[in-house]
Structures are given as C-alpha cells and as structure tokens.
Amino acid sequence: MTNARLTIDEAQAFLDANPAVQWIDAFVFDMNGIPRGKRIRRSDLLGVAKSGLMMPTSIFIMDPLGNCVEETGRLWETGDPDHQCHLLSRTLVPIPVGDGRHAQAVMVVDVKEELDPRAVLVDQVERFTRAGQTPVAAVELEFYVTSRTTNGAFVLHTPEGLSDDPSRPLTFGFEEMDTLAPFIDDIYRICEVQGLLVDSVMQESGPGQFEINLKHRADAVAAALDGLLLKRAVKAAARAHQL
C-alpha cells in the first residue's frame, strides 16, 4: 500500500455516492493502535482533500488513556508543532451502522516521523523489497463482548444471554454466535462496505470472547491497516447494539 493522497475527484465521487453522510472521521493510528484525529463536516471534505489537516506529532506518543508521554521529550521541549497530514486514497468509506451519517478516512503525515508506526512498518517492508522478498501477512482479532457501561466506567459484565461461567468454555461452539447474530452480521456488513477482507469468525474459550480472521495479503502495510480498521468496525457494531 502506498501513501497516495485522496484526490478531489475521489472525494467528490464519495460525496455523490453517499448523500446521507454528514461527518467524516479523519485519523491516524498511534503506537497503541488507537485512532486519533478530527471529525470534519461533509462541506469541508473537498478542502481537506486538497489541503490536508494539521495535526501535532504528539498524537503518536499518547498512552492508551490519551495522555501525552512527556518523558519522550517530544512535547514541551519541541513546542509540539503541527504537521500537515493528507487523507489516504481508498480509505474514505462510509460507516453503515447507526444513522448512516458518518464515514471515515485514514490520514498520513506528510513529513517523515520516526514515531509514526505506519512509517516504521513501511521502512521495514522496503527493506524486504530491496532484498527481493515480499512479506505476506494476516491479522486475527480476538475480543471480548461486554455490556455497555455509563460514563466510561471500566466495569466488565458479560451480556445477558451469554455464559459467564469460565469453567464452561464453549470454544468452537455456535450458541453464543447465534445469540449475537445481529451484532456479528453488522461487523461483516461494515467490513464488506469498507473493503476489509474478513474470513471466519469463531467462539473462543472466555466468556463473551470471539475471534475474527482476516485473509492473507502480500502487502504487510495494508494487512496491518486492515487489522486496525477491523477493530474499529467491531467497536462501531458494538455501539450500534448497545454493547
């Protein structure tokens, strides 16, 4: 996968094909694999496609809670300058759950940034390419489905209808996938619309634990991005089902 910029024609074609979309989430992934960025209005998309967005590179040194890790020396010591980011071609896609008013696009920093995990992976893949080798990769995502909590409280409860008895694993069974069929259906629907190459889903051994596999790709950068976007798709489906 290259860092080709989303063109104005590509952005206009998206708007024409998706008249219901009013908001677009534009983001990079930090070193913890968490998407961070800005939400832009539909009317601003063409301008962003042309000129990009400004983002601070401290976005890459945040911990999972969103705090900047000051010990890196990349915050106060540097003044935390903004850098230009552009939208990545072929990543502008709708999020087909909820009210259908949202879409997303991945951003890439225009300057070389040593803390950008995507840039680090691109460098490694280029080393393989120079050696005449092609890494083939795939991602499997294991996750737990829990009941939704209020106010962001980190309290994990197995949803009603699923077994919460760890002594009774239902590994490779089907009962709990049947219980959560509408949720799983939405995951696959999102992935199909967004072009993610999902494969099988299975019931894992823990309470509310599942696994979804992606198909192998002879493009390690694209495979890694697929894995991160699959995680976002699972979370979008979970929110739509109050999970």
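Tabulated results
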{"read-out": "Charge tally in the Cβ shell below 10 Å around Glu142, where Lys, Arg are +1 and Asp, Glu are -1, Glu142 excluded", "value": "-3"}
{"read-out": "Relative contact order for the chain, counting Cα pairs under 8 Å that sit 6 or more residues apart, in percent", "value": "19"}
{"read-out": "Table column - 3J(HN,Hα) (Hz), region 52-68, Karplus curve with 6.51, -1.76, 1.60, x for Gly and Pro", "value": "x, 10, 8, 9, x, 6, 5, 4, 7, 10, 7, 7, x, 8, x, 8, 6"}
{"read-out": "Anisotropy class of region 1-137 from Cα gyration tensor, a/c 1.5 cut", "value": "oblate"}
{"read-out": "Note, ³J(HN,Hα) from phi for region 84-96, Karplus 6.51, -1.76, 1.60, rounded to Hz, x at Gly and Pro", "value": "6, 10, 10, 6, 8, 4, 6, 10, 7, 9, x, 10, x"}
{"read-out": "Greater than 24 Å apart at Cα, pairs in Lys112/Lys235; Lys38/Lys235; Lys38/Lys231", "value": "Lys112/Lys235"}
{"read-out": "Residue-count net charge about Ile190 - beta-carbon cut-off 12 Å; Lys, Arg +1, Asp, Glu -1", "value": "+2"}
{"read-out": "Net lengthening on full extension, Arg5/Val193 (0.36 nm per residue, minus Cα-Cα)", "value": "65.6 nm"}
{"read-out": "Positive dipole terminus of region 8-130, leading residue within Gly100, Pro117, Val28 (C-beta point charges)", "value": "Gly100"}
{"read-out": "Region 155-243: chymotrypsin sites (Phe, Trp or Tyr not before Pro) in DSSP coil with no more than 15 other Cβ atoms inside 10 Å", "value": "Phe172, Phe174"}
{"read-out": "Within-15-Å neighbourhood charge of Ala240 [Cβ basis; K, R +1; D, E -1]", "value": "+3"}
{"read-out": "Under 5 Å, built H, 5+ apart or other chain: amide partners of His83", "value": "Met55, Thr57"}
{"read-out": "Nearest-ten-degree value, helix 181-194 long axis tilted from longest Cα axis of the chain", "value": "20"}
{"read-out": "Asn67 paired with Thr134, simple spin-label distance in nm, labels 7 Å along Cα-to-beta-carbon", "value": "4.5"}
{"read-out": "Estimated D of region 91-243 in µm² per second, where Rh is the Kirkwood radius over Cα pairs and Stokes-Einstein applies at 37 °C, 0.692 mPa s", "value": "189"}
{"read-out": "Prolate/oblate/rounded label for region 2-59 (Cα gyration tensor, a/c 1.5)", "value": "prolate"}
{"read-out": "Most fluctuating residue given options Val136, Val97, Val28, as computed from a GNM of the chain linking Cα atoms under 10 Å", "value": "Val136"}
{"read-out": "GNM flexibility winner over the chain from Leu53, Leu92, Leu170 (Cα, springs under 10 Å)", "value": "Leu170"}
{"read-out": "DSSP-assigned coil residues among GluC sites (Glu not before Pro) in region 96-159, each with at most 15 further Cβ atoms within 10 Å", "value": "Glu114"}
{"read-out": "Mean ellipticity per residue at 222 nm, deg cm²/dmol - from DSSP H runs of n ≥ 4 across the chain, formula -39500 (n - 2.57)", "value": "-9000 deg cm²/dmol"}
{"read-out": "DSSP-defined beta bridges in region 8-130 - what % are antiparallel, rounded to 5", "value": "75"}
{"read-out": "5 angstrom amide H check on Met31, placed H, neighbours 5+ away", "value": "Met62"}
{"read-out": "Integer Hz, Karplus 6.51/-1.76/1.60 couplings in order for region 112-120, x for Gly and Pro", "value": "5, 10, 5, 8, 6, x, 5, 5, 4"}
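No lab work stands behind these numbers, since they all come straight from the coordinates. Just so it is clear, the model here is predicted, and its values are computed rather than measured. Because the Cβ atoms are built from the backbone with ideal geometry, glycine has one as well, and the counts that use them run over all protein chains shown.
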